[in-house]
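Reading through the structure tokens given below for one structure.
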Amino acid sequence: NIPLKTLYNGVSVPQLGLGVYKVPPEDVYQTVSSALKAGYRHIDTASYYENENGVGKAIKDSGIPREKLFITTKVWNDDHGYDRTLQAFEKSMEKLNMDYVDLYLIHWPIPEIFPETWKALEKLYKDGRVKAIGVSNFLDHHLQTLLTDAKIKPVVNQIELHPKLIQKQTVEFCRENDIAVESWSPLGRARYLDDVILEKLAKKYDKTVAQIMIRWHIQHDFIVIPKSTKAKRQAENMAVFDFELSPEDMKQIDGMDEGFRIGSHPDEIMNK
Ligand code: A2P
């Protein structure tokens, strides 16, 4: 019952998935297993998270056919460049114990070299190793640079998005170019759960603050990947398709924007 969103290349993605950033390797098996049991079919990991192994194992053991799942992973900052990216991809596949992923992303726009990295993603796409390719943490100017010599356009840009950071300019650029927007840390990493505006809305709709926030992403047509290690919260975060925020309430949440980033600024990311 999670709606599918069709990307510009025809691939469909469940609009809500489970993020596993900061889920320790020893916990990720349990986390992903319980999410799959709850009905999640979209899991977002990255080589940087060092938990691809457990993600892959939980998926195998779930018995859910691979084609019913949507799996994303990402190439890390020190693996940029054409050859290194192809190698990093094979490593991720080994850890995940899969022969393809649904979506492969450049994790951060490392200056100068990301167009080379993109060429490797284009090759993986043409070779059928991935169903779709995209980017993460790209600002509109990074996308502009990428699009000047890309043969294939990214299908998504996964960026930090929550009520305190709505990234209007980048989101508009993506919309104009038919690049889907995906929200990471959609709950603002649980920092705004006691926000007065959100609490008022939670009461009004008889939902939790987390559900109000996730619904706000859904109504903005973002793909959203809240993270929780707890079965109860995983279920709570999925239960957002039986109500609708009014246009006025959507605007009220938009108005919380402070341009505040929890994560790094994409222009300040270094090749660590
Ligand atoms: P936990 O994993 O212990 O459930 P984000 O997705 O924005 O990065 O936020 C993740 C954080 O929000 C985690 O600390 C997670 O904690 C917490 N969290 C996730 N879902 C909920 C929820 N429904 N209610 C309260 N906290 C939540």
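Just so it is clear, none of the values below were taken in a lab; they were calculated from the coordinates. Everything quoted here is computed from the prediction, not taken from an experiment. Positions of Cβ are generated from backbone atoms using ideal geometry, with glycine treated the same way; all protein chains shown enter the neighbour counts.
Data table
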| quantity | calculated |
| --- | --- |
| Residues of segment 97-109 classified as buried (at least 22 other Cβ atoms within 10 Å of the Cβ) and more than 15 Å from the chain's Cα centre (by Cα), total | 1 |
| Enumeration of residues in segment 184-225 that are of a type outside the set (Asp, Glu), more than 10 Å from the ligand (Cβ to nearest atom) and either outside any helix (DSSP H, G or I) or touching a helix residue (DSSP H, G or I) at 6+ places or on another chain (Cβ under 7 Å) (or both) | Ile197, Leu198, Leu201, Ala202, Tyr205, Lys207, Ile212, Trp216, Gln219, His220, Phe222, Ile223 |
| Tally, over segment 226-272, of residues that are among the small types (Gly, Ala, Ser) and within 16 Å of the ligand (Cβ to nearest atom) | 6 |
| Residue satisfying all of: in segment 33-46; of a type in the set (Gly, Ala, Ser) and over 15 Å from Gly19 (Cβ atoms); surrounded by the most Cβ atoms within 10 Å (Cβ to Cβ) among these | Ser33 |
| Criterion (touching a Phe, Trp or Tyr at 6+ places or on another chain (Cβ under 7 Å), touching a residue at least 12 places away in the same chain (Cβ under 8 Å) and within 19 Å of Gly17 (Cα to Cα)) met by exactly one of Leu146, Leu165, Leu161, Leu124 | Leu161 |
| Unique residue being of a type in the set (Gly, Ala, Ser) and under 17 Å from the mean Cα position of the chain (by Cα) when the list is Ala150, Ala58, Ala132 | Ala132 |
| Single match in Thr6, Thr31, Thr72 (criterion: within 15 Å of the ligand (Cβ to nearest atom) and closer than 26 Å to Pro115 by Cα) | Thr72 |
| Residue list for segment 61-81, restricted to those being surrounded by 16 or more Cβ atoms within 10 Å (Cβ to Cβ) and not hydrophobic (A, V, I, L, M, F, W, C) | Thr72, Thr73, Lys74, Asn77, Asp79, His80, Gly81 |
| Residue satisfying all of: in segment 190-235; among the acidic types (Asp, Glu) and in contact (Cβ under 8 Å) with a residue 60 or more places away in the chain; surrounded by the fewest Cβ atoms within 10 Å (Cβ to Cβ) among these | Asp221 |
| Near pairs, Cβ below 6 angstrom, 6+ apart or cross-chain, from segment 77-92 (hydrophobic (A, V, I, L, M, F, W, C)) to any residue that is surrounded by 22 or more Cβ atoms within 10 Å (Cβ to Cβ) | Leu86/Ala120; Ala88/Val75; Ala88/Asp79 |
| Residue list for segment 10-19, restricted to those being more than 10 Å from the ligand (Cβ to nearest atom) and surrounded by 13 or more Cβ atoms within 10 Å (Cβ to Cβ) | Val11, Ser12, Val13, Pro14, Gln15, Leu16, Gly17 |
| Qualifying positions in segment 169-183 - β-branched (Val, Ile, Thr) and more than 16 Å from the ligand (Cβ to nearest atom) | Thr170, Val171, Ile179 |
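Residues checked against (1) more than 29 Å from Glu112 (Cα to Cα); (2) hydrophobic (A, V, I, L, M, F, W, C); (3) part of a loop (DSSP other than H, G, I, E, B):
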{"site": "Arg233", "(1), (2), (3)": "yes, no, no"}
{"site": "Lys251", "(1), (2), (3)": "yes, no, no"}
{"site": "Ile262", "(1), (2), (3)": "no, yes, yes"}
{"site": "Pro266", "(1), (2), (3)": "no, no, yes"}
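Here's the yes/no breakdown for (1) assigned to a strand (DSSP E or B); (2) among the small types (Gly, Ala, Ser); (3) surrounded by fewer than 20 Cβ atoms within 10 Å (Cβ to Cβ):
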| position | (1), (2), (3) |
| --- | --- |
| Glu112 | no, no, yes |
| Tyr125 | no, no, yes |
| Val135 | yes, no, no |
| Leu143 | no, no, no |
